[in-house]
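Only one structure is covered here, and it is reproduced in the block below.
The values are calculated or read from the model by the stated rules, or taken from the named source; none is laboratory data. No experiment lies behind these values; they were computed from the predicted model shown. Using ideal geometry, Cβ is built from the backbone for each residue, glycine included, and neighbour counts are taken over all protein chains shown. Accessible surface is based on the protein model in full, side chains and every heavy atom, while ligands, DNA and RNA are left aside. Shrake-Rupley method; radii C 1.70, N 1.55, O 1.52, S 1.80 Å.
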Amino acid sequence: MSEADTSLDAVSFLRGIASELAEIHSGSDYSQWRGEAKHRVAHHLSRAEPFVDFATAWVFMGDGAGALVGGNLGDWAIDRLVEKMTPEDVIALFHEEVARNAAVYEDVSPVLGIEITEACDLGGGVRLAPASTDIFSGFDYPWRYAWPDLPTGTGFLVQPYTVTPAFERLSPGATGSQGTSATQPQSPARDAVRRRFRLACLIGSLGAVELPMSVILADRRASLAVGGTLSARPFASHPVVAFPADIEAISLAFGQLSAFAEGDSLTRAIDRLGRSRLAVHPVDRALDLGMAAEIVLMHDNGTSNTEITYKIGSRAAWLLGKDEGDRATIFDEMKHLYKARSDAVHSGVLPSKSKVDLDVADQLVVRVVQAILERGKFPDWASLTLGGQG
């Protein structure tokens with residue numbers, strides 16, 4: 001008997017459900033109908049070909065996670081009919097899913113602290129999804145999960161990953177999987193992308209940026225998939241306002257950070273820059289900015305404190321300055337920052353006569369990081385500060 005013959009009962013039943021759906025003309029009626037119909041549809045399909053063998057299955061969610069799944073055929077089938085798929089196409093879609101037995105999930109992270117107003121492809125399947133204002137679209141990321149309150153304008157970092165196999169048929173009475181599944185890319189690699197993206201955002205914006213949570217979302221057109229798993233750092237400080245950001249600069253920095261060979265010092269410096277933007281007190285801000293500057297400009301040198309001020313100032317001046325006057329200004333600004341950092345360390349306060357402008361210092365550190373990223377490596381400081389190309 002062919003697949004078409006064994007699926008006739010399911011096709012006939014779905015035609016009836018489609019007819020019921022066609023008679024509904026209001027949102028409230030649809031909501032009431034669906035609440036009852038999804039159970040009726042799930043009950044019938046779970047006993048009909050080709051669904052009966054998968055009415056209960058083990059679903060691999062990736063990274064070693066899995067779940068026993070049954071009873072979601074009702075919601076799935078109704079969603080396909082709402083999309084105007086014919087019953088025959090619904091059955092064909094299920095056959096394709098079973099034959100493929102591979103799933104694509106999305107690891108979705110709200111990006112707190114910046115406004116994301118347009119989609120952006122970051123390469124390797126990683127992308128930015130903008131904030132959505134269409135509350136009637138259940139497929140946009142703000143409405144696909146019950147997120148905590150997010151700042152207005154918050155968009156999402158989206159990382160797809162594949163799981164193979166995606167599911168396993170269970171024998172009668174079985175409660176778990178007997179097999180294994182492969183995830184690509186795995187969770188540690190996705191975590192690394194999140195960290196690198198945060199650093200890139202700090203270069204392309206003026207505010208703090210954090211990605212304190214991520215949620216796994218399943219393909220909404222897959223019947224044998226489970227999403228909604230939340231990973232979070234609930235006690236981490238995070239921004240409460242989304243600021244405008246330069247998405248092109250973020251995309252550029254994201255790629256440059258991936259190619260940068262000497263990443264530890266630079267990433268630590270950018271992280272301190274981000275922490276400084278979450279600081280409530282100017283002393284804490286000066287401490288973190290001072291550390292960011294020292295890490296990025298003194299990573300190769302164990303010089304004593306008496307020489308650090310001069311070396312930090314001169315290295316920044318020669319790295320960024322276009323002429324003698326420009327270099328002198330940069331030298332002074334960096335000197336003021338390091339003096340403020342020293343005052344904060346040794347006395348816990350910034351003197352009233354402190355000449356540091358922490359906003360200027362913030363952007364000076366950003367410019368240093370950008371200049372180093374553009375080079376693709378740290379300069380030869382000795383050559384650079386003698387007027388060479390470094």
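Here are some notes:
- Answer residue from the stretch 37-56, given it is crowded, with 20+ Cβ neighbours inside 10 Å and under 30 Å from Gln184 (Cα atoms) and is nearest to the chain's Cα centre (by Cα) among those: Phe54
- So Gly321, is it on the phi > 0 side of the Ramachandran plot and modelled with pLDDT of 90 or more: no
- Output for the stretch 364-384, where each listed residue is assigned to a helix (DSSP H, G or I) and among the acidic types (Asp, Glu): Glu374
- Of residues in the stretch 57-112 being among the hydrophobic types (A, V, I, L, M, F, W, C), open to solvent by 40 Å² or more (accessible area, probe 1.4 Å) and within 27 Å of the chain's Cα centre (by Cα), the one modelled with the lowest pLDDT: Ala65
- Pairing each residue of the stretch 34-56 that is closer than 15 Å to Ile17 by Cα with any residue that is among the aromatic types (Phe, Trp, Tyr) and open to solvent by less than 70 Å² (accessible area, probe 1.4 Å), provided the two are 6+ apart or on different chains, yields C-beta distances under 6 Å for His44/Phe13; Leu45/Phe51.
- No other residue among Pro148, Pro172, Pro160 is open to solvent by 30 Å² or more (accessible area, probe 1.4 Å) and in contact with a Gly (Cβ under 7 Å, 6 or more places away or on another chain) apart from Pro160.
- Among the residues of the stretch 175-188, just one is open to solvent by less than 50 Å² (accessible area, probe 1.4 Å), of a type outside the set (S, T, N, Q) and over 30 Å from Val52 (Cα atoms), namely Pro185.
- Hits in the stretch 189-236 (condition: of a type in the set (Ser, Thr, Tyr), farther than 19 Å from Gln256 by Cβ and open to solvent by less than 30 Å² (accessible area, probe 1.4 Å)): Ser214, Ser223
- Leu373 being within 33 Å of the chain's Cα centre (by Cα), surrounded by 13 or more Cβ atoms within 10 Å (Cβ to Cβ) and within 22 Å of Ala200 (Cα to Cα): yes
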